[in-house]
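All of the numbers you see were taken from the coordinates with simple rules; none came from a lab. None of the values given here were measured: they were computed from a predicted structure. Please note: Cβ atoms are built from the backbone with ideal geometry, for glycine as well, and neighbour counts cover all protein chains shown.
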Amino acid sequence: MPDRPKQIKGPIYVLGGGPLGCHYIGEIIRAKKEGLIDYPELFFIDPHSDVLAVTKFKNEALHIENTYTGFLEELIVKRSATGEEAGLLIPDHSAPHVLFRVFLDLIQNDKRFGERTTRIVSFPAKGDDFPKTPFLKTLDSGICAVSYAQWVCPLECQEPNICPAINQERSWNFNETFSHYTRDHIESVTNHLAGGPAASTHLFSCIQLVHGVAFIPIDHLFHEWDRLVHKLESQLKVELLVSTFSKCHGIIGKAMISSPPL
C-alpha cells in the first residue's frame, strides 16, 4: 500500500452501468479502499434506469441517466468556467466509437459552422499507409478496430512491458504507432494541391489508473474539441480523424467535413 493515495481532483465518470461498467466501478472502489487512489465523486453514465450498477453500487456510485454521447456533448458545451477540475473519463471499450460520434454530433449542432456536411470515410482507405496490425477490421460503419493482440486479453490487464499472453517483452505501443502515422499523414494531406481538406487529427490515449482500469482526462477532451473548432472556423474542408486507443488496442473514425459551395 502506498504512503499516500493518488489524488484524483475531479469526478470519475464511468461509461456504462452493465457488467463491464460494474467491473470498472468495482475496481475503482476497491482501489480507494486499498488506499491506492482517492477521488471526490464517482459517477456512471447509462440511459437505463434499472441497469445493474444502480442496485449494486447504490451508496458508492451515482447514476447519471443519459446516453454516452448525450452526456459527453452536454459536458463539452456546458463545461465549467470556474476552473474546477474536469475529472476522468473511463471509456466503455465494448461500445462503438463514442468520441468520434460526439465530435460529429457537436459539429452538426453548433450554429457557428452553418450548413456543414459530414461524410464518414471508411478507414483505412485504399493507399492509406496505416500499418498492418495483427488484427485490423473495418466495420460496416466505416470505423476501424485495430489490435496488436492475436488473443483475448483479460479485462484487468495493465499492458505491462512483459506481455502476460506471450511472456515476452511487449514490442508494440499504439501511442507510438498513432504518433508516427498522424505526423506522416498530416504532412501528406498538407502537401496536397490547394483546395484540398485540412487535416484535423485527435488522439485519445487511455492511461492506466488502477487494476486494469484506464482513463482519458476530460480536460484533454475539451482541448481536442477546441482544436477542432479552431480548424473548422478557419477551413472550408476538414478531414477529421479521431482515435481512441490503449497500448495494445484501438478504434479509428474518419470523416470529411465540408462547407456548402458558395
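Side notes on the structure shown:
- One equal scatterer on each Cα of the chain, no solvent, Debye formula: the resulting log10 I(q)/I(0) at q = 0.07, 0.13, 0.15 Å⁻¹ is -0.27, -0.92, -1.19.
- Pairwise label distance in nanometres, SER234 with ILE64, each label 7 Å out on the Cα-Cβ vector: 3.1 nm
- Taking label positions 7 Å along the Cα-Cβ direction at both PHE135 and ASN161, the computed distance is 2.6 nm, reported to one decimal.
- Gaussian network model of the chain, Cα within-10 Å springs - most flexible of LEU89, LEU52, LEU99: LEU52
- Members of LYS33/LYS58; LYS6/LYS33; LYS56/LYS247; LYS9/LYS78 lying beyond 23 Å, as alpha-carbon distances in this model show: LYS56/LYS247
- Candidates ALA95, ALA214, ALA199, ranked by Gaussian network fluctuation over the chain, Cα under 10 Å, top entry: ALA95
- PHE130, PHE71, PHE100 arranged by Cβ crowding within 10 Å, fewest neighbours leading: PHE130, PHE71, PHE100
- Segment 11-111: projected area of the alpha-carbon convex hull, averaged over directions, in nm²: 7.2 nm²
- Considering only SER200, SER243, SER49, the mean-square fluctuation computed in a Gaussian network model of the chain, springs between alpha carbons under 10 angstrom, is largest for SER49.
- With θ taken as phi - 60° and the Karplus curve 6.51 cos²θ - 1.76 cosθ + 1.60 applied, the whole-hertz 3J(HN,Hα) list for segment 103-117 is 5, 5, 5, 5, 4, 5, 9, 8, 5, 5, 9, x, 8, 6, 9 Hz, x standing for glycine and proline.
- Footprinting exposure proxy ranking of TRP151, TRP225, fewest other C-beta atoms within 10 angstrom first, gives TRP151, TRP225.
- Bridging of LYS111 to aspartates and glutamates at a Cα separation below 14 Å is possible for GLU233, once same-chain residues fewer than 8 apart are set aside.
- Ranked TYR39, TYR24, criterion: other C-beta atoms within 10 Å, fewest first: TYR39, TYR24
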